[in-house]
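Peer 1: Structure in structure tokens, see below.
Nothing in this text is a laboratory measurement; each read-out follows from the coordinates by a stated rule. On a predicted model such as this, the values are computed, not experimentally measured, just so you know. Using ideal geometry, Cβ is built from the backbone for each residue, glycine included, and neighbour counts are taken over all protein chains shown.
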Amino acid sequence: MSRPWLAIAALLGASGIAFGAGGAHALRSWMAPEYVATFETGVRYHLLHAAALLALALAGERLPIAWPAALFALGTLLFSGSLYALALGAPSRLGLVTPVGGVALLLGWLALLRLCLARR
């Protein structure tokens, strides 16, 4: 197990739940429907990658997980974080960050694939 990545996974999981609950209860009443959908997309990717990072952290003693783990953490911050900010009214130019986060998430999955193929 890789304790730092486990701690980051726990933080991402907890914050994903907090954002999801806040979005479902507090924000929905004043947020336009298209922004609610944007926010929910951020929460979905946030929690999915918290779980993926948790799985990586648990495999950390057997596998060198630094690259996929770092890319998942960075991608979640950039992708979900920019969607949260946009849904809450940030300037639309912040949307340029969203695909950068998406690419980081994709690269994290590809780094995990490479790791798996190298271990065969």
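Peer 1: Can you give the Kirkwood hydrodynamic radius for segment 40-89, in Å, rounded to one decimal and based on Cα pairs?
Peer 2: Working: mean 1/r = 0.0881 Å⁻¹.
That comes to 11.3 Å for segment 40-89.
Peer 1: Testing the spin-label approximation: label points 7 Å from Cα along Cα→Cβ at A118 and A51. State their distance in nm.
Peer 2: Once both label points are built, they end up 2.7 nm from each other.
Peer 1: Would you order T41, T76 from fewest to most other beta-carbon atoms within 10 Å of each residue's own beta-carbon?
Peer 2: T41, T76
Peer 1: Percent relative contact order of the chain, based on C-alpha pairs within less than 8 angstrom and at least six residues apart?
Peer 2: Working: 143 pairs, mean separation 34.1, N = 120.
Reported as a whole number, the value is 28 percent.
Peer 1: Are there any trypsin sites (Lys or Arg not before Pro) in segment 1-109 that are in a DSSP loop and have at most 13 other Cβ atoms within 10 Å? List them by number. The partial results should precede the final answer.
Peer 2: Numbers: sites: R28, R44, R62, R93; in loops: R28, R62.
Loop-located and lightly packed - R62.
Peer 1: List the residue ranges in the chain for DSSP H helices whose C-alpha atoms run 30 angstrom or more along the long axis and whose Kyte-Doolittle average is 0.5 or above.
Peer 2: Those that pass (Cα extent of 30 Å or more, hydropathy at least 0.5) are 33-59, 66-87, 97-118.
Peer 1: Here is a follow-up. So, in Å, what gap is there between the alpha-carbon centers of segment 92-120 and segment 8-38?
Peer 2: 22 Å
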